[in-house]
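Novice: Input: one structure, supplied below.
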Amino acid sequence: MSVKAIKAKPHSFRSESASDKALDIVVWILVLFAAAVTLYPFLYVVSVAFSDGGAVARGEVFLLPHFSSSSLDAFGMVTKYKQLWTSYGNTFLYTILGTIANVVFTCLGAYPLSKRSFFLRRPLNFFVVFTMYFSGGLIPTYMVVTGIGLYNSRLAMILPVLVSTYNMMICRSAMSSVPQDLFENASLEGASEFYMMLHIAVPLIKPTLAVLTLYYAVARYNDFFNAMLYLGDTSLQPLQMFLRRVLILSSSEILQQAGTAGAAAAAQNTLKIRYVCIVLAAIPIFCITPFVQKYLVAGTMLGAVKG
Amino acid sequence: MRNASQTIVHSAEPGRKKTLGQLISRDRHLMLMFLPVFLFYIVFCYLPMVGIVMGFENFRMGSGFSGLFNSEWVGLKWFKQFFDSVFAWRLIRNTFLLSFYSLIFGFPIPIIFAIAITQMRARRFAKVAQVITYLPYFISTVVVVGMMTNFLSPSNGIVNQLIVKMGGKPISFMSNPAWFRRLYVISGSWQSFGFNSIIFVAAIMGIDPSLYEAMEVDGASRWQQIVHLILPMISETIILLLIMTLGNLLNVGFEKVYLMYSPAVYETGDVISTYVYRQGIENHNYGYASAVGLFYSAVGFVFVMASNYLSRRVTGSSLW
């Protein structure tokens, strides 16, 4: 389904009746309500993050920011805090390397599974799909990952989530819809399987790969679970672990390092600091998502319709 | 699995049948290509399945992975201990209810929203609204729970500030067992309704415009079009997604519950996966935690199989 189709208007030439008018009103209310409910929390967070500390403490900020000379205090404290940049850097490292590894190995796995002539195709498909039905569970997985020495290793953010079976199945479906004679012709001319994957299969499923890349990148960026299980060392931890400490466990580490430990400063900046952290964490996601909208629509259809 | 029947036709090469050695030599590049993924599945998916035997053993951490084979065998002791404990019923109930309420309240909203979006005449605004409602889906669970925790904070959260302004008393939402499920369901719905509506929007847009025209000629209002045309046309999508959701019914997001809950709300918030985490990783009762985890995996297996069977019966296509 393309963006163009959404523009299509099936009911443009009917005479208006009262009930149709009523429908229009209901539709407007529903959609406006949905958009407002979605946007308001973000707007509020940004407003608090950049408002006057006193106004925030008195509970005067509800929608728009109340600017003052101290608006940027919390922003300054957060951005001067070294640990934030360490975890930000770690997150970008895990996201970039992890996504590359995810996409490469998803293609490497999906291509043989999509080749109809491959004599191991059916057993290997079963081998892969079975893991979607049944898993060893958290504890045995934890034992294996720590047992092979991945505890407090950066690889723990990449290897245990090297491929997602669901995404690989999507990739396999896309590759198996590539006309098989293309491969047959190429192999008659002496092309190797690696060459065919790289120069025939991958270019023809680019839209699918774009969606999978997005899914993988978001998953790597947001990965908290593996970090919590396998990374005890704060210097290795990604942004999500840092955010959990500040937002949920109410750690006051940023205030402390800023040195303004006075009660007044603490009251004025505690909430602002947390909301600045949310803003900083959400910026990359908010920058990317609107641009990949058209791929998203295609991607969801892939997951649900093909199989 | 439309390709299954074609496979046989394709793999039967004209002429004689190849021996295994010939097949291996012909497909060696494909096998080499698959090797890393194969190793991944062996190490991170199948090896843990072997580790399930821990659930029947008195396993100790110091013994490492080889401890699997020389730990004391205790049979069903851990399972008995779990089902005799006061936790079993509470955990199963909490796990089930969290999923069930998420389904009941979360499932219809994307459908209603999709219908509203497609009925909007201001197409440009409809598109903007759609993009806006996707956004929360990509925000991490940590941030969503973090926002919720701070908005609902009894001391400086905006919700309680409003309650106090209106003359009420602050409520400790996050540490009140009565609120846990509501907050879990509402925040989950908030995060995913826009994204989940995509597929319904696509299904509605796929309806042949001439069907609308035919209904208009018959004098049907747009309300009647929704009830008698749109809903029947997307019913297959609805049923398919419902079945898929049922398959994952007990797959409660560990991460979100873990980030949201505290001992104060265990009564309604503690689910099987968080209990396994606490018993295994925090308290080092590996055998016991593996046994509970195995029970959980087994129930999940039954649900997925059932949903796949249903899907095949109802729509003629299974998930994989």
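Novice: So if we plug the beta-carbon distance of B:Ile163 and A:Ala186 into 1/(1 + (r/R0)^6) with R0 = 56 Å, what FRET efficiency do we get, rounded to 0.05? Before the final figure, lay out each step's value.
Specialist: Values: r = 68 Å, r/R0 = 1.22.
Rounded to the nearest 0.05, the efficiency is 0.25.
Novice: Does a label point 7 Å from the Cα of B:Val302, set along Cα-to-beta-carbon, have any residues of the range B:225-257 with amide nitrogen under 15 Å, and which are they?
Specialist: B:247-251
Novice: Would you look at the GNM of chain B, springs on alpha carbons closer than 10 Å, and say which of B:Asp208, B:Asp270, B:Asp218 moves the most?
Specialist: Residue with maximal mean-square fluctuation among B:Asp208, B:Asp270, B:Asp218: B:Asp218.
Novice: Where does chain B land at 222 nm, in deg cm²/dmol rounded to the nearest 500, when only DSSP H runs of n ≥ 4 count, each adding -39500 (n - 2.57), divided by all residues? Mind dumping the intermediate values first?
Specialist: Numbers: 19 runs with 218 residues, N = 320.
Helix contribution divided over all residues of chain B: -21000 deg cm²/dmol.
Novice: Pop a pseudo-label 7 angstrom from the Cα along the beta-carbon direction at both A:Ser68 and B:Arg60 and give the gap in nm to one decimal.
Specialist: Taking the simple label geometry, A:Ser68 and B:Arg60 are separated by 6.2 nm.
Novice: At 7 Å along the Cα-to-beta-carbon direction for both B:Leu35 and B:Asp208, put a label point, then send me their distance in nm to one decimal.
Specialist: Using points 7 Å along Cα→Cβ, the separation is 5.4 nm.
Novice: Are there any trypsin sites (Lys or Arg not before Pro) in the range A:115-178 that are in a DSSP loop and have at most 16 other Cβ atoms within 10 Å? List them by number. The partial results should precede the final answer.
Specialist: Values: sites: A:Lys115, A:Arg116, A:Arg121, A:Arg154, A:Arg172; in loops: A:Lys115, A:Arg116.
Taking the range A:115-178 and a limit of 16 other Cβ atoms within 10 Å, the loop trypsin sites (Lys or Arg not before Pro) found are A:Arg116.
Novice: Once label points are set 7 Å from the Cα along Cα→Cβ at both A:Leu204 and B:Leu97, what is their separation, rounded to one decimal in nm?
Specialist: According to this spin-label approximation, the distance is 5.3 nm.
Novice: Taking R0 as 35 Å, what's the FRET efficiency between B:Lys77 and B:Ile42 from their Cβ-Cβ distance, rounded to 0.05?
Specialist: Values: r = 30 Å, r/R0 = 0.85.
The pair B:Lys77/B:Ile42 has a calculated efficiency of 0.75.
Novice: A follow-up question, please. From the backbone phi of the range A:272-283, what are the Karplus-calculated ³J(HN,Hα) couplings (6.51 cos²θ - 1.76 cosθ + 1.60, θ = phi - 60°) in whole Hz, Gly and Pro given as x?
Specialist: With the stated coefficients, the range A:272-283 comes to 4, 4, 4, 6, 4, 4, 4, 4, 5, 6, 8, 3 Hz.
Novice: Give me B:Arg278, A:Arg245 ranked fewest to most by other Cβ atoms within 10 Å of their Cβ, as a rough exposure proxy. Please report the intermediate quantities before stating the final value.
Specialist: Working: B:Arg278 15, A:Arg245 19.
Taking fewest neighbouring Cβ atoms as first place, the list is B:Arg278, A:Arg245.
Novice: While we're looking at this one, here's another question. What FRET efficiency, computed as 1/(1 + (r/R0)^6) with R0 = 41 Å and r the Cβ-Cβ distance, is obtained for A:Gln293 and A:Arg116, rounded to the nearest 0.05?
Specialist: Values: r = 34 Å, r/R0 = 0.83.
For A:Gln293 and A:Arg116, the calculated efficiency is 0.75.
Novice: Where is the GNM fluctuation largest for chain A (alpha-carbon springs, 10 angstrom cutoff): A:Asp24, A:Asp73, A:Asp181?
Specialist: A:Asp24
Novice: Under the rule of at least 5 residues apart or a separate chain, name every residue whose amide H is placed under 5 Å from the amide H of B:Glu57.
Specialist: Under 5 Å from the amide H of B:Glu57 lie the amide H atoms of B:Val74, each far enough along the sequence or on another chain.
Novice: Using a Gaussian network for chain B with springs between C-alpha atoms less than 10 Å apart, which of these wobbles most: B:Glu267, B:Glu216, B:Glu282?
Specialist: B:Glu216
Novice: Looking at chain A, which longest stretch skips every one of the GluC sites (Glu not before Pro) that is in a DSSP loop with at most 14 other Cβ atoms within 10 Å, leaving the sites themselves out?
Specialist: Values: sites that count: A:Glu16, A:Glu60, A:Glu189.
Between the exposed loop sites, the longest stretch runs A:61-188.
Novice: Take each uninterrupted DSSP H stretch in chain B, measure its Cα extent along the helix axis, and return the ones at 20 Å or beyond whose mean Kyte-Doolittle hydropathy is at least -1.0. Before the final figure, lay out the partial values.
Specialist: Numbers: long enough: B:87-106 (27 Å, 0.99); B:123-138 (24 Å, 0.29); B:177-205 (42 Å, 0.83); B:231-247 (23 Å, 1.95); B:286-315 (42 Å, 0.78).
Helix filter hits for chain B: B:87-106, B:123-138, B:177-205, B:231-247, B:286-315.
Novice: Cα gyration tensor of chain A, axes a ≥ b ≥ c as square roots of the eigenvalues: rounded (a/c below 1.5), prolate (a/b > b/c) or oblate?
Specialist: Values: a/c = 2.74, a/b = 1.34, b/c = 2.05.
Verdict is oblate for chain A.
Novice: Restricting attention to the range B:14-117, which trypsin sites (Lys or Arg not before Pro) occupy a DSSP loop and are surrounded by at most 12 other Cβ atoms within 10 Å? Please list the in-between numbers first.
Specialist: On the way: sites: B:Arg16, B:Lys17, B:Lys18, B:Arg26, B:Arg28, B:Arg60, B:Lys77, B:Lys80, B:Arg90, B:Arg93; in loops: B:Arg16, B:Lys17, B:Lys18, B:Arg60.
Passing both the DSSP loop test and the Cβ count: B:Arg16, B:Lys17.
Novice: How much net charge surrounds A:Val27 when only the other residues with a Cβ under 13 Å from the Cβ of A:Val27 are counted, with Lys and Arg +1 and Asp and Glu -1?
Specialist: Working: positive: A:Lys21, B:Arg121, B:Arg123, B:Arg222; negative: A:Asp20, A:Asp24.
Net charge around A:Val27: +2.
Novice: Quick check on the exposure proxy: order B:Trp190, B:Trp73 from fewest to most C-beta atoms within 10 angstrom.
Specialist: Values: B:Trp190 21, B:Trp73 9.
Ordered from fewest to most neighbouring Cβ atoms within 10 Å, B:Trp190, B:Trp73 come out as B:Trp73, B:Trp190.
Novice: To continue, here is another question. Pop out the ³J(HN,Hα) list for the range A:112-117 in order, Karplus 6.51 cos²θ - 1.76 cosθ + 1.60 with θ = phi - 60°, rounded to Hz; leave Gly and Pro as x.
Specialist: Those phi angles translate into x, 5, 9, 6, 5, 8 Hz.
Novice: Can you tell me the 0 to 90 degree angle between the C-alpha axis of helix A:138-147 and the longest principal axis of chain A, rounded to 10?
Specialist: That helix lies at roughly 80 degrees to the long axis.
Novice: Between the range A:10-87 and the range B:122-159, what is the C-alpha centre distance in whole Å?
Specialist: Computed from Cα coordinates, the inter-centre distance equals 9 Å.
Novice: Which whole-Hz couplings ³J(HN,Hα) result when phi for each residue of the range A:72-85 is put into the Karplus expression 6.51 cos²θ - 1.76 cosθ + 1.60, θ = phi - 60°, listed in order with x for Gly and Pro?
Specialist: With the stated coefficients, the range A:72-85 comes to 9, 3, 5, 4, x, 4, 5, 6, 7, 7, 4, 4, 4, 6 Hz.
Novice: Note down the net charge around A:Gly98, summing +1 for each Lys or Arg and -1 for each Asp or Glu among other residues with Cβ under 12 Å from its Cβ.
Specialist: On the way: positive: A:Arg154, A:Arg220; negative: A:Asp223.
Its environment carries a net charge of +1.
Every number here is computed from the coordinates shown, using simple stated rules; none is lab data. All of these numbers come straight from a predicted model, not from anything done at the bench. Cβ coordinates were reconstructed from backbone atoms using ideal geometry, including for glycine residues, and neighbour counts include every protein chain displayed.
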